[in-house]
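The values are calculated or read from the model by the stated rules, or taken from the named source; none is laboratory data. Since we're looking at a predicted model, the values are computed, not measured. As a convention, Cβ positions derive from the backbone with ideal geometry for all residues, glycine included, and neighbour counts pool all protein chains shown. Remember, those area values only see protein heavy atoms, side chains included, never the ligands or the DNA or RNA. Shrake-Rupley method; radii C 1.70, N 1.55, O 1.52, S 1.80 Å.
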Amino acid sequence: GGRHTAHGDALAEMCRTNLVGNGSGAMMRRDAVISAGLYDASLRARGAQGCEDYKLYLTLAATGDVEVVPEFLTGYRTLPNNMSSDVAQMCRSHLIVIEEFRAQHPHLSMYLDEGRRLFGRWLVMRALRQMRPGKVPELFQTLAREDRGAAIALAAAMPVFVARRA
């Protein structure tokens with residue numbers, strides 16, 4: 001993946017993409033995490049496990065400054081059965097997090113919409129890279145239930161996107 005940079009007020013950019021990438025790479029002040037409400041365990045109960053870290057990062061970025069270290073400091077191993085390999089569940093999780101955050105910050109809708117499209121593309125490419133193309137229709141169905149416009153836009157962009165990545 002690409003390297004992100006951010007310094008100070010990074011809320012709009014965090015709405016577009018998870019600047020941290022995975023839960024192993026974050027360093028957060030304990031008092032800020034407690035004040036933000038910790039990780040949201042209710043996502044798992046709602047069948048939408050996967051974006052608890054992103055939800056926390058959004059909340060932290062909304063309340064204070066962010067500093068992104070551009071160097072890769074951790075490795076990330078993907079396995080066929082790990083949580084983030086369930087692209088439909090990850091899609092549900094991301095949609096819930098985005099919509100809950102939008103309710104609190106409607107002025108960021110344009111960035112959140114872009115983030116939803118970018119995340120959808122990432123999930124599709126992840127399924128294809130894992131040689132699991134059968135997961136792609138399930139992902140589009142999940143996305144279409146919540147945001148038909150985003151699903152259509154993603155479907156229209158996929159041939160060009162896949163061709164560029166091939």
Order of exposure, largest accessible area first, which applies to Glu52, Glu67 with probe 1.4 Å:
Glu67, Glu52
The size of the Cβ-based charge dipole (Lys, Arg +1; Asp, Glu -1) of the stretch 86-136 about the Cα centre, to the nearest 20 debye, is 340 debye
Got a sec? What order do Met125, Met27 fall in by accessible area at 1.4 Å, biggest, i.e. largest, first?
Met27, Met125
Projected label distance in nm at Ala103 and Asp65, using a 7 Å step from Cα toward the beta-carbon
3.2 nm
Rank these residues by their accessible area, most exposed first, probe 1.4 Å: Val124, Val136.
Val136, Val124
